[in-house]
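Worksheet: the structure to be examined is printed underneath.
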Amino acid sequence: MSGRVAREGRCDEAIGVVRRGLVQAEEKYLVDPDATLGTWFARVQDTVAVACRVTVARVREGRAPTGAAHAAEQLGLYAYICAEAIRAAAQVWGEEPSPRVRESVLVLLVGGCRREATLTSWPALLLSLACCGAALEPLAIGLREKDLPMGESTDREQVLRCLLEAAQIAFGVVDALA
């Protein structure tokens with residue numbers, strides 16, 4: 001029973017970390033109602049690219065990922081990936097994106113992430129980043145054709161599915177590192 005309580009405490013901590021990431025993202029990049037799907041995709045993809053660059057640099061340094069500084073750094077990187085994916089999903093999901101819609105997306109992610117996960121190696125973290133990139137790949141292909149405004153008729157379900165998958169992967173890492 002104590003393992004379940006500890007697990008729930010870690011999940012609550014992960015939720016708090018992502019919420020802080022959402023607040024920071026909102027403060028740094030205000031929601032532009034005229035932003036296109038490409039802009040939202042780029043925000044998520046950029047955070048994945050930054051995390052890739054930082055993680056590859058840490059691998060090259062040859063240090064273990066289990067140190068407190070590296071764990072905190074990775075926790076922050078994945079929380080920001082999750083936050084940007086949640087913000088983008090909220091733009092697609094709701095008629096009028098709001099903190100309530102972003103919270104609904106976060107609750108949806110948490111519900112799908114109630115499992116034990118361990119990420120104690122750089123290859124596991126790199127695999128998570130590759131999975132985030134793979135989740136976003138259908139959006140990248142669609143955007144090659146045309147960068148659509150968020151309000152135009154697009155396959156909203158497919159867009160939402162891609163963003164939620166990237167957010168879910170990132171939340172799983174935050175949950176494991178918390």
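All of the numbers you see were taken from the coordinates with simple rules; none came from a lab. All figures in this text were calculated on a predicted structure; none of them were measured in a lab. Because the Cβ atoms are built from the backbone with ideal geometry, glycine has one as well, and the counts that use them run over all protein chains shown.
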Problem set entry | Mean Cβ neighbour count within 10 Å, used as a protection proxy, ranking 82-92, 18-28 highest first | 82-92, 18-28
Exercise. Hey, what do the phi angles of the range 40-46 turn into as Karplus ³J(HN,Hα) couplings, whole Hz, using 6.51/-1.76/1.60 and θ = phi - 60°, x for Gly and Pro?
Worked result: 5, 4, 4, 4, 6, 4, 4
Exercise. Each label point is 7 Å from the Cα along the Cα-to-Cβ direction; what then is the distance between the points at ARG19 and ARG156, in nm?
Worked result: 2.8
For this session: Could you compute the FRET efficiency for ARG63 and VAL31, with r as their C-beta to C-beta distance and R0 at 41 Å, rounded to 0.05?
Result: 0.65
Exercise. Among 98-111, 161-174, what's the highest-first ranking by average C-beta atoms within 10 angstrom per residue?
Worked result: 161-174, 98-111
Problem set entry | Gain in span if fully extended, GLU103 to ALA49, counting 0.36 nm per residue against the direct Cα distance | 16.9 nm
Seminar exercise, completed: The extension gain from SER121 to VAL56, computed as 0.36 nm times the residue separation minus the Cα-Cα distance, is 22.2 nm
Exercise. ³J(HN,Hα) across the range 125-134 via Karplus (A = 6.51, B = -1.76, C = 1.60, θ = phi - 60°), whole Hz, x for Gly/Pro?
Worked result: 5, 5, 4, 4, 5, 4, 5, 4, x, 5
